[in-house]
Amino acid sequence: MRFLYLSFLVLLLSSPAFAQYNVGGTQFYIGPKASINAARYTPAKNTPDLPSAYKNKLGFGTGFMYKFRVTDLISLHGELNYIRKSRSVIDSTIVTEYQNFHLDAPILFEISFPAKLPRIGKFEYFFNAGPQLSYWISGKGNTQFEDNPEQASSNYAVNLNTENINRLQYGIIFGAGMTLPSVGDNYFVVEARYSFYQTHLGEKYVTTLGDFTHIDDLRGNYNVLSLSVAYTFGLNFMPSSQKNKGMKVKTVVQ
């Protein structure tokens, strides 16, 4: 429900200005994006008996971003990313590492400010915030027994088709970054971002490995710090009739 409220707020704030800007044409940017992330898994507060987890496991992501320039100041920023979020759990002398793969789709309200530096020239810095939907695509685990070095570690796929796992999750994003000019109407976008996931990964998940049964309690959520680089291409959908009148649409960097 909170996700619906946030989505409605983003669209409500963006739509009046977006409609006005469409009168003269819409400036649209799209391009590939790559990222690295450090995921921290936090157990729920009412579950003090859960095993501890390594706080910062590295992951990566790839996808694309798009941006609608609503005004010179305001943009609507969206993405679709394939993300690996890693998690390690210590239960006594048993260490289990999970590699979970998600499809993330944030919708961000973004505010940009023009700036200039001697070595960089003109650029923009921005701040953004908004909701994100995440769908858990697949996962795999590796369990190692530290008290028995002779026993080989076990690799297995996580069964996501159970009622104990929440495949659809949502979160809130806060980010900041810079838009740097490239060739023509193309730009580099560098961003640091913190994502607060509001949905638990699930309930208790049971894995049987021969004579060993591992119970993983998924009553917790991710907090993810990420750093990304994107390269965007400007597309101008201004009607040809407006172009003939000499109307100009401002680009990202002023």
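The values are calculated or read from the model by the stated rules, or taken from the named source; none is laboratory data. From a predicted model like this one, the values you see are computed outputs, not experimental measurements. So basically every Cβ, Gly included, is an ideal-geometry build from the backbone, and we count neighbours across all protein chains shown. Ligands, DNA and RNA are excluded from the accessible area calculation, which covers all protein heavy atoms including side chains. Shrake-Rupley method; radii C 1.70, N 1.55, O 1.52, S 1.80 Å.
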* All other residues with a Cβ under 12 Å from the Cβ of residue 99 taken together, and with Lys, Arg as +1 and Asp, Glu as -1, what is their net charge? -> +4
* Might you tell me the accessible area per residue for segment 104-232, computed with a 1.4 Å probe and given in Å²? => 51 Å²
* Structure fact -> The long-range amide H neighbours of residue 218, using H built 1.01 Å from N in the peptide plane and a cut-off of under 5 Å, are 203, 204, 205
* Asked: Between residue 30 and residue 236, what length comes free when the chain is fully extended (0.36 nm per residue of separation minus the Cα-Cα distance, one decimal in nm)?
  -> 73.0 nm
* To do: Could you look at segment 75-135 and say what percent of its accessible area is carbon and sulfur, using a 1.4 Å probe and all protein chains?
  => 66 percent
* Asked: Between their Cα atoms, which of 85/116; 33/204; 33/57; 57/116 are more than 30 Å away from each other?
  -> 85/116; 33/204; 57/116
* Label-point separation, residue 71 to residue 156 (7 Å along Cα→Cβ), nm -> 5.6 nm
* Asked: Using a 1.4 angstrom probe and counting only protein chains, how large is the accessible area of residue 92 in Å², to 10?
  -> 100 Å²
